[in-house]
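The values are calculated or read from the model by the stated rules, or taken from the named source; none is laboratory data. Every value quoted in this text rests on a predicted model; they were computed, and no experiment measured them. FYI the Cβ positions are ideal-geometry reconstructions off the backbone, even for glycines, and counts take in every protein chain you see.
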Amino acid sequence: MKTMKIYEHKAIKLKRKPRFRIIRTGLAIAMAFGIGLYLGSATPWSHAETIATDTARVHIVNEGETLWQIAGPVADRSGQDVREVIYQIQVNNDLGPNPTLKPGQRLVIRY
């Protein structure tokens, strides 16, 4: 009778070639860069109009002053309706529909 020898085999680890790892890493970086460029070009601020600095001024709110009192002279100078100027001040300063002004508060007014 013949006897067979039994050998134990170790688990074989498959090694990937480093060249493929470098290519895969390069492709991932290029793809991330491309996605970043695409998302960056689609943001609204990239198409926003630039307002010249001489058409904007900062108004510091005094005690008891209202938006109507602030917007009145600006509307007279620019020839706009006071309500349009008030709306622009609210939008430019994130004031909301019923703002409460505080003394010392700074408001950016663009006209």
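Quick look at the numbers
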{"read-out": "Extreme residue, surrounded by the fewest Cβ atoms within 10 Å (Cβ to Cβ), among residues of the stretch 80-111 that are in contact (Cβ under 8 Å) with a residue 12 or more places away in the chain, within 16 Å of Thr55 (Cβ to Cβ) and β-branched (Val, Ile, Thr)", "value": "Val108"}
{"read-out": "Filtered residue count, the stretch 86-111, keeping only those that are part of a helix (DSSP H, G or I) and either within 13 Å of Arg57 (Cβ to Cβ) or of a type outside the set (A, V, I, L, M) (or both)", "value": "5"}
{"read-out": "Matching residues, the stretch 41-67, being surrounded by 10 or more Cβ atoms within 10 Å (Cβ to Cβ), of a type in the set (D, E, K, R) and either at pLDDT below 90 or within 13 Å of Arg110 (Cα to Cα) (or both)", "value": "Arg57"}
{"read-out": "Test result for Ile70, surrounded by 12 or more Cβ atoms within 10 Å (Cβ to Cβ), in contact with a helix residue (DSSP H, G or I) (Cβ under 9 Å, 6 or more places away or on another chain) and modelled with pLDDT of 90 or more", "value": "yes"}
